[in-house]
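Novice: Attaching a single structure in structure tokens format; questions to follow.
The values are calculated or read from the model by the stated rules, or taken from the named source; none is laboratory data. This structure is a prediction, so every number in the text was calculated from the model and none was measured. Here the Cβ is made from the backbone with ideal geometry for all residues, glycine too, and neighbour counts use every protein chain on show. We work out accessible area using only protein heavy atoms, side chains counted, and drop any ligands, DNA or RNA first. Shrake-Rupley method; radii C 1.70, N 1.55, O 1.52, S 1.80 Å.
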Amino acid sequence: MLNLPYTPLERLLSDLTLERVSGDEDIEAGGVVLSTIHQAKGLEWNTVFIIGLNDGRFPSRKSLVQEGLEEERRLFYVACTRAKKLLILCYTLTDNGYSMLEPSRFLTELPEDVYEEVEIEYGI
């Protein structure tokens, strides 16, 4: 059993989400920076992964119902512009292998000549 200074683990995750994200010094030390889009405003990294780009996740279902689509589109733009050299946009095809998911409408709105699509198969 791990002896974590945080009990429960949810408290650690909550505290981490409130921490300010730092810049390239973490990368230079061989680290990886995990950030939310909101925390990343004003910061840039050489490589940025944006995960969870499925309709209902990004944009969220709530934004679709409450007419917040343009704010979500703005956040997508902010996230994409954090990459200096390489931007990797990720989505899944299924939700835990049971139901099919659609790529984010923001991905389907991109012109086909601005990205290269790569499909990765994962087998158990």
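Novice: With a point put 7 Å past each Cα toward its Cβ, work out how far E117 is from R73 in nm, to one decimal.
Specialist: Each label point is offset 7 Å from its Cα along the Cβ direction, giving 2.1 nm.
Novice: Rolling a 1.4 Å sphere over the protein heavy atoms, what is the accessible area per residue of the range 52-124, to the nearest Å²?
Specialist: Roughly 78 Å² per residue, with all protein chains present.
Novice: What is the calculated FRET efficiency for N96 to V33, with r their C-beta to C-beta distance and R₀ = 41 Å, to the nearest 0.05?
Specialist: E(calc), rounded to 0.05, equals 0.90.
Novice: Please give the direction-averaged projected area of the C-alpha convex hull for the range 32-84, in square nanometres with one decimal.
Specialist: The number I arrive at for the range 32-84 is 3.6 nm².
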